[in-house]
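FYI, it's all coordinate maths here, none of it is from the lab. Just so we're clear, the structure is a prediction, and the values are computed from it rather than from any experiment. With ideal geometry, Cβ positions are generated from the backbone for all residues, glycine too; neighbour counts draw on all protein chains shown.
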Amino acid sequence: MKKTTVTMLLTATLVLGLASLALADDTAIKVAGLKVFQWTVTAAGFGIALAAIGTGLAQGMAIRGAVEGTARNPEASGKITVTMIIGLALIESLCIYALVIALILIYAYPMATPIAKMLGLEV
Amino acid sequence: MEHPLLFLVLILDKIGLGEFAHHYPHVLYSWLVMIILILTGWLAAKKVELIPGKLQNVLEVIIDGIESFQVDMMGEEGRRYFPLIASIGLYIFTCNVMGLVPGLLSPTANINTTLSCALVTFCATHYVGVRVHGVKYVKHFMGPLLPLAPLMVPIEIISHLSRVLSLTLRLFGNIMGEDLVLAILMVLAGKFLAPLPMMFLAIFTSFVQAFIFSLLAMLYIGGALHEAH
């Protein structure tokens, strides 16, 4: 899954970049705020990794079933292919939900402003 | 995500509508898709001949393919709803593919566009159900047995509402993720044409997503059309 790799890369750069920022000015509040952010980003990365594992397994099973069906009955290959593609898209949408959640966590986390206010950071 | 070069936005900037264009580029590009589709249809329907020309031939193949597939899926009475489903499918496909051309963007990479498509499908489903079955449409929500109805009604309502969510997020997430991957590859190694292989995959995904959306619309409307089991 290319999406997964990209999200993981983004996560790594964000975490690393912000960790060095945290070392630069070590106010306790800012560190606490960063910790929240760090955990959010980690959750996003791990969430999509888990989703990709499940999706990969499920798609593998689906394709195996379709290939076996085609091997046994080559005349039905057209119908099997259509059904398989529909099923694959439905399975893939699960991974896409995880991607959307990860993107929400990273770019548009709804609790970011309340948490920042609670910690006393300027938004 | 801010696209570097959007030519429609630049044009509107010149004539003084820049503020609207910068806030709602996906609306602009969805108008562009509509113009493209309407113009193609108008050009093809202007002179319909018995021996079709090139454009008419291509469009006949596409429309005929969609229609026969729909009749396969929904039965003969589903032919009525062909215009709705075919236009949703063609619109989404054009939107998806448009994001691959530099200077254009996919309107479907914005969640509002996909949500509006999903809401149209949802409303059409229930409109069809009420129009075909009248009051008896309630039976669709009550499950197989009457004593089970209090249990089934909330489940059915939630499942109908989650259809909107899943239709919206599937299309949005796919196209958005595709655009993100293309943008990141462009930034990383745009000089070496790194996004190119991804673009071939993206054409396939665009088609599959449009196909899935219209197929699910067919299944939902078909489910409302048929008798409750």
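May I ask you to derive the FRET efficiency for B:Tyr137 and B:Ala194 from their Cβ-Cβ distance with R0 = 51 Å, giving the value to the nearest 0.05? The calculated FRET efficiency here is 0.45. Loop-located GluC sites (Glu not before Pro) in region B:155-229 (DSSP state not H, G, I, E or B) with no more than 16 neighbouring Cβ atoms inside 10 Å: B:Glu227. Within 10 Å of the Cβ of each residue in B:170-178, the mean number of Cβ atoms contributed by other protein chains is 6.
Efficiency by 1/(1 + (r/R0)^6): what FRET value for A:Phe46 and A:Leu94, r their Cβ-Cβ distance, R0 = 22 Å, to the nearest 0.05?
0.90
Once both axes come from the Cα atoms, what is the angle between helix B:149-189 and the longest principal axis of chain B, in degrees from 0 to 90, rounded to 10? Helix B:149-189 and the main axis of chain B meet at about 10 degrees.
Placing +1 on the Cβ of every Lys and Arg and -1 on the Cβ of every Asp and Glu, with no other charges, gives region B:1-138 a dipole of roughly 260 debye about its Cα centre. Ordering B:Leu105, B:Leu169, B:Cys123 by Cα displacement along the dipole of chain B toward the positive end leaves B:Cys123 in first place; charges were set at the Cβ atoms of Lys, Arg (+1) and Asp, Glu (-1).
For a modelled paramagnetic label at B:Leu151, 7 Å from Cα along Cα-to-Cβ, the residues of region B:209-229 in reach, with backbone nitrogen under 19 Å, are B:229. Relative to the current alpha-carbon distance between B:Ile38 and B:Leu201, full extension at 0.36 nm per residue lengthens the span by 55.9 nm.
Here the residues A:Ile63, B:Ile111, B:Ile38, ranked from fewest to most Cβ neighbours within 10 Å of their Cβ, fall in the order B:Ile38, A:Ile63, B:Ile111.
Inter-part distance, region B:116-136 to region A:48-117, computed on C-alpha centroids, equals 28 Å.
Of the residues B:Thr205, B:Asn57, B:Ile157, the one whose Cα sits farthest towards the positive end of the charge dipole of chain B is B:Ile157 (charges of +1 on Lys and Arg Cβ, -1 on Asp and Glu Cβ, taken about the Cα centre). With axes computed from alpha carbons, what is the tilt in degrees of helix B:25-46 against the longest principal axis of chain B, rounded to the nearest 10 within 0 to 90? Tilt relative to chain B: about 80 degrees.
Helical runs assigned H by DSSP (4 residues or longer) give chain B a calculated mean residue ellipticity at 222 nm of -25500 deg cm²/dmol, each run adding -39500 (n - 2.57) before division by the residue total. Using the alpha-carbon atoms, what tilt in degrees (0 to 90, nearest 10) does helix B:82-98 show relative to the longest principal axis of chain B? The helix B:82-98 is inclined about 30 degrees to chain B.
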